[in-house]
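Report on the following structure.
The values are calculated or read from the model by the stated rules, or taken from the named source; none is laboratory data. Predicted, not measured: the structure shown is a model, and the values here were computed from it. In this analysis, Cβ positions are derived from the backbone assuming ideal geometry, glycine residues included, and neighbour counts consider all displayed protein chains. The accessibility values were calculated without ligands, DNA or RNA, using every heavy atom of the protein model including side chains. Shrake-Rupley method; radii C 1.70, N 1.55, O 1.52, S 1.80 Å.
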Amino acid sequence: MKIALISDAWHPQINGVVTTLSHTVKALTKQGHVVETMTPDRFRTYRCPGYPDVGLAFLCGPELRKILEAFQPDAIHLATESSIGFAARRYCLEKGYPFTTSFHSRFPEYFKLRVGLPLSISYNYLRWFHSDSARILVATNSLQQELSGKGFGRLVRWSRGVDTDLFRPGDKGFIQDPRPIFMYTGRVAVEKNVEAFLKLELPGTRYVIGDGPQRLELQKKYPNVRFLGYQTGENLARYMAAADVNVFPSRNDTFGLVILEALASGVPVAAYPVPGPKDILSGSKAGILDSDLKQAALAALSLNPEDCRRFAMNYSWDESARQFAGHLEPISLRSGKKSFWPWYVRL
């Protein structure tokens with residue numbers, strides 16, 4: 001199958017959406033599919049305020065149309081709801097092509113935290129964006145139930161995976177600071193609730209692996225915390241394996257790939273009992289969920305690293321990609337509708 005994957009999130013961004021899509025493309029290709037990514041690196045972009053590595057591809061419609069028509073995909077998937085996703089949606093409706101979408105991030109909650117935009121406005125836009133999708137792919141049961149209650153339809157599950165070759169138990173001596181080592185890994189931004197972790201009075205040493213618009217502010221405010229910025233590949237894997245507990249303070253993530261990466265590294269996770277962590281960790285011996293994050297972090301120290309690793313081995317990117325492909329809506333012969341959009345809208 002020739003698959004057009006549309007996303008406003010792509011390299012050099014470092015986040016869960018990019019990780020998910022990158023591994024999905026790799027697994028789909030291994031399974032015999034041909035995947036064409038239509039991402040910001042293929043268009044002229046404008047820097048997103050607060051995120052210098054994020055490029056917004058406004059007015060990309062004409063160029064996107066050329067790429068899609070040259071590729072002639074069998075299926076089209078819109079992974080994000082921003083400018084490229086918007087242009088692809090418009091193209092599909094113009095052509096009468098079916099498409100699928102996925103819901104990766106709680107942008108309404110993010111925008112409310114950042115600029116005070118009411119949730120109702122953002123969710124109205126997202127309901128409209130996904131309204132013509134053949135299926136909306138979501139990562140967890142909790143998110144599926146939540147979005148269904150907000151008026152989203154045709155929701156299906158698309159789980160996630162973890163690279164258990166890269167993320168594996170390693171040498172705790174890689175970190176020489178006083179133990180235990182409590183680690184946060186991810187974007188350093190208000191929507192990630194990082195300060196809830198930094199405020200905790202914990203023994204040993206706290207580490208923050210990642211970067212973002214809040215880093216300088218929090219680094220100055222918490223001088224006893226080790227801020228290491230973004231780490232990737234083997235270096236990231238070594239740091240993660242050297243921790244004693246991975247603390248996941250976010251209340252807004254739709255999944256939390258870093259949870260699986262920590263578990264694959266033999267590191268237990270402490271988190272709030274909210275969607276995402278609750279879907280992954282409930283009933284397992286791999287993490288502690290508690291509304292008191294300090295108690296969760298301390299209790300996680302007693303968990304068995306082997307149970308964590310064993311639990312993570314149940315998540316594979318190959319199975320995730322098979323789920324993804326199974327939910328796609330093939331473009332059929334019926335999809336030849338003439339355009340009802342005026343020329344100025346098609347721009």
Output for the stretch 228-269, where each listed residue is touching a residue at least 60 places away in the same chain (Cβ under 8 Å), open to solvent by 10 Å² or more (accessible area, probe 1.4 Å) and not aromatic (Phe, Trp, Tyr): 232, 233, 234, 238, 244, 252, 253, 254, 257, 258, 261
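Condition check: over 22 Å from the mean Cα position of the chain (by Cα) and either among the charged types (D, E, K, R) or crowded, with 16+ Cβ neighbours inside 10 Å (or both). Does residue 172 satisfy that?
Values: over 22 Å from the mean Cα position of the chain (by Cα): yes; either among the charged types (D, E, K, R) or crowded, with 16+ Cβ neighbours inside 10 Å (or both): yes.
For residue 172, the condition - over 22 Å from the mean Cα position of the chain (by Cα) and either among the charged types (D, E, K, R) or crowded, with 16+ Cβ neighbours inside 10 Å (or both) - is met.
With the structure loaded, tell me whether residue 97 is of a type in the set (Phe, Trp, Tyr), open to solvent by 20 Å² or more (accessible area, probe 1.4 Å) and assigned to a loop (DSSP other than H, G, I, E, B) or whether it fails that test.
Values: of a type in the set (Phe, Trp, Tyr): yes; open to solvent by 20 Å² or more (accessible area, probe 1.4 Å): yes; assigned to a loop (DSSP other than H, G, I, E, B): yes.
Answer is yes for this residue.
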Residues located in the stretch 305-317, provided they are open to solvent by 50 Å² or more (accessible area, probe 1.4 Å) and either outside any loop (DSSP other than H, G, I, E, B) or of a type in the set (A, V, I, L, M, F, W, C) (or both): 305, 306, 309, 310, 313
Selection count where residues are closer than 23 Å to residue 321 by Cα, assigned to a loop (DSSP other than H, G, I, E, B) and touching a Pro at 6+ places or on another chain (Cβ under 8 Å), scope the stretch 106-143: 2
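Just to be sure before I move on: is residue 307 acidic (Asp, Glu) and over 22 Å from residue 157 (Cα atoms) in the structure I sent?
Judged against the criteria, residue 307 is a match.
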Enumeration of residues in the stretch 33-52 that are modelled with pLDDT under 95 and either touching a Ser or Thr at 6+ places or on another chain (Cβ under 7 Å) or surrounded by 14 or more Cβ atoms within 10 Å (Cβ to Cβ) (or both): 45, 48, 51
